[in-house]
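One structure is given below, encoded as structure tokens.
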Amino acid sequence: MKKIFIASDHGGFNLKKNILKYFNKNYLIKDLGPKQNKKSVDYPDFAHKLCKQVAKNKNHVGILVCGSGVGMSIAANKNKGIRAALCYSVKNAKLSRLHNDANVITLGERLIKKTVALKCVESFLKTEFEGGRHIKRIKKI
Ligand code: RB5
């Protein structure tokens with residue numbers, strides 16, 4: 001069964017909460033923390049925590065949010081089996097699924113409008129991997 005996980009650091013906490021609120025009706029998304037935004041936390045801790053869950057099953061996907069999306073992306077991509085895509089447009093999010101079979105989307109709360117971020121997540125969750133010529137490329141990663 002497909003499972004969706006989400007996590008952030010303090011810089012991505014508010015966007016994470018907005019994503020959970022917006023997709024609450026149609027998706028079951030497991031929040032891996034942090035639970036509160038009272039103190040600074042280290043984004044790699046949450047990236048690795050989420051990637052551990054996503055890597056368990058090829059149908060699992062993850063959403064990681066930090067201030068820029070960059071730190072989460074770098075940390076996530078250090079995990080075996082993870083293809084994390086830093087997304088800043090709907091097209092970018094869609095292509096990350098179609099061509100790269102991305103299993104994690106990363107977003108930067110400080111650099112993207114909330115409405116665009118929500119559309120990116122929607123596109124990421126709805127788009128299927130195209131397969132075909134992209135399979136051999138992914139295997140080379
Ligand atoms: C935290 O201030 C910030 O560095 C972090 O959220 C992220 O942008 C790192 O890439």
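Taking the centroid of alpha carbons for each part, region 1-80 and region 83-141 are 14 Å apart. Within the same chain, aspartates and glutamates fewer than 8 places from K56 are excluded, and of the rest, those with a Cα less than 20 Å from its Cα are D31, D45, D101, E128.
Between the residues A85, G108, F46, the greatest Cα displacement towards the positive end of the dipole of the chain, with unit charges on the Cβ of Lys, Arg, Asp and Glu, is found for A85.
Checked against a 27 Å cut-off, the cross-linked pairs K38/K114; K30/K80; K113/K136; K52/K94; K114/K139 give Cα-Cα distances beyond that limit for K113/K136; K114/K139. When each of F23, F46 is scored by the number of other beta-carbon atoms lying within 10 Å, the sequence from fewest to most is F23, F46. Inter-label distance, K78 to K35: 2.7 nm, where each label sits 7 Å from its Cα along the C-beta direction.
No lab work stands behind these numbers, since they all come straight from the coordinates. None of the values given here were measured: they were computed from a predicted structure. All Cβ positions, even for glycine, are placed from backbone atoms using ideal geometry, and neighbour counts span all protein chains on display.
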